Structure formats: structure tokens, C-alpha cells
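**Student:** A single structure is presented below for examination.
The values are calculated or read from the model by the stated rules, or taken from the named source; none is laboratory data. Bear in mind that the values here come from a model prediction, so they are computed numbers and not experimental data. Virtual Cβ from ideal backbone geometry, glycine too; neighbours counted across all protein chains shown. We work out accessible area using only protein heavy atoms, side chains counted, and drop any ligands, DNA or RNA first. Shrake-Rupley method; radii C 1.70, N 1.55, O 1.52, S 1.80 Å.
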Amino acid sequence: MNKGRLEAFSDGVIAIIITIMILELRVPHGADATVLRPMIPAFISYVLSFVFLGIYWNNHHHLLQAVRQVNGRILWANMHLLFWLSLIPMATGWMGDSRFAPMPVALYGVVLLLAGLAYFVLCRTLIAHHGRDSVLAGAVGKDFKGTIPMVFYAVAVPLAFASTWLACGLYVVVAIMWLVPDRRIERALAQRD
């Protein structure tokens, strides 16, 4: 099967997720800067989630550039990833509205952890379909960089009940670590061409 529909659908879903998040930010009532102060937690959680969705979109794009076609298993693995990403607006909104209370911060970490696992499954499903000698398999390798975030998320979830700021700090570290797109695939594609 051609990968074009999967790419277009995934792009559309991620765009809708971002749209839902921005619609959750409420318009301030009033004309001075003091009305913005209560919005700061919601805005911070929005920015963090926007960055995460941008990271997923960017890396999903690179991932699909390294493959030729998809099959039914890949379509379902991709839907699995999109499902977890679709929960980000709810977790983001709850975290911001609660002013980073422990349970919402922990749930945010659970959603990020499960999205990370789903991305890992998608990568492995693509590699299984294209072979261990494929460009993608060579680029991803053992995927140490992809494992670190899941460890951070797994630590951040229980840590949220002791210190929400440390848990959020781990989320920010992961975002910073992945802010620069994964160059492994770009290098592998350049070598192939």
C-alpha cells in the first residue's frame, strides 16, 4: 500500500489535536495584564504539549520518509500512536487548569509514556515490514535515544506525587532532548541517495 494516505491522515489528526488545544485556552476578560496571570499555568502546559506534538509530527515525517510502503499492521500501529496523541489535549487542559496538581501531572506523564511506547511499536512494525537491512533499521539501530524518554516518563509519573515540578522538569528535559529532529534518519537517507 502507498504510504501517502497514512501521512496525510496523520498530519490532519495532529493538526486537529493542536487546534483542540488552542481552543481550550480561554480568552481573558479584561484589558490589563493582570487578567493574564491566572492563565499562566494553562499557557505553560499548552506550550509544552505544542512542543511535544511538534516533535512527534517532525519525527513521524522523518520516519515515513525512510519507508516505501505500509501494510495493515503499520496502519494499526500508526492509529495506536494517534490514539495516545489524541489524549494530550485532555491531559494538557487538566494539568493547566489544576495548576500542576499531582494527579494531572502524573496522568500527563502516563499519556506521554504510552505515546512513546506507541511510537516505538510503530518504528518496530515499520522495520519488521521493510527488513533489518532497510534504511530505517540502519538509522534507528537499537534506538537508545528513543528509550531514554520512556524511562524519564516512567520515573516522572510516581515522582509527580512527591514533586510536580521535578516531574515537569523531566518532561521539559525530554522535550529539549528531542527538539532537534532525529538526524539519524536524515543521514541514512542522504547516504542512500
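**Student:** Considering the range 138-177 alone, what residues qualify as being open to solvent by less than 30 Å² (accessible area, probe 1.4 Å) and within 30 Å of GLN65 (Cβ to Cβ)?
**Tutor:** Passing the criteria: ALA139, VAL140, ASP143, GLY146, PRO149, MET150, TYR153, TYR171, VAL174, ALA175.
**Student:** Cβ-Cβ under 9 Å, sequence separation 6+ or interchain: first residue in the range 97-120 and closer than 17 Å to GLY54 by Cα and free of Cβ contacts under 8 Å to residues at least 24 places away in the same chain, partner of a type outside the set (Asp, Glu) and not in a helix (DSSP H, G or I). Which pairs?
**Tutor:** Taking only residues 6 or more apart or on different chains, not a single pair turns up.
**Student:** Give me the pairs, please: first residue somewhere in the range 164-191 and within 18 Å of SER45 (Cα to Cα), second residue anywhere and open to solvent by 70 Å² or more (accessible area, probe 1.4 Å) and in a helix (DSSP H, G or I), beta-carbon distance under 7 Å, and either six or more positions apart or on two chains.
**Tutor:** Once the first residue is within 18 Å of SER45 (Cα to Cα) and sits in the range 164-191, its partners that are open to solvent by 70 Å² or more (accessible area, probe 1.4 Å) and in a helix (DSSP H, G or I) give LEU170/VAL155.
**Student:** Return the residue satisfying two criteria in turn: it lies in the range 1-14 and is more than 14 Å from PHE83 (Cα to Cα) and free of Cβ contacts under 8 Å to residues at least 60 places away in the same chain, and of such residues it is most open to solvent (accessible area, probe 1.4 Å).
**Tutor:** ARG5
**Student:** While we're here: Restricting to the range 1-58, what's the tally of residues that are farther than 30 Å from GLN69 by Cα and part of a loop (DSSP other than H, G, I, E, B)?
**Tutor:** 8
**Student:** Looking only at the range 23-54, which residues are of a type in the set (A, V, I, L, M), at pLDDT below 95 and under 30 Å from ALA77 (Cβ atoms)?
**Tutor:** The answer is LEU23, and nothing else.
Residue-wise test of (1) of a type in the set (Val, Ile, Thr); (2) within 25 Å of ALA156 (Cα to Cα).
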residue	(1), (2)
ILE14	yes, yes
ILE17	yes, yes
ARG37	no, no
VAL67	yes, no
LEU75	no, no
TRP94	no, yes
ARG99	no, yes
MET103	no, yes
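**Student:** Another question about this same structure. Looking only at the range 100-110, decide whether some residue is over 20 Å from PHE43 (Cβ atoms) and either in contact with a Leu (Cβ under 8 Å, 6 or more places away or on another chain) or open to solvent by less than 40 Å² (accessible area, probe 1.4 Å) (or both).
**Tutor:** yes
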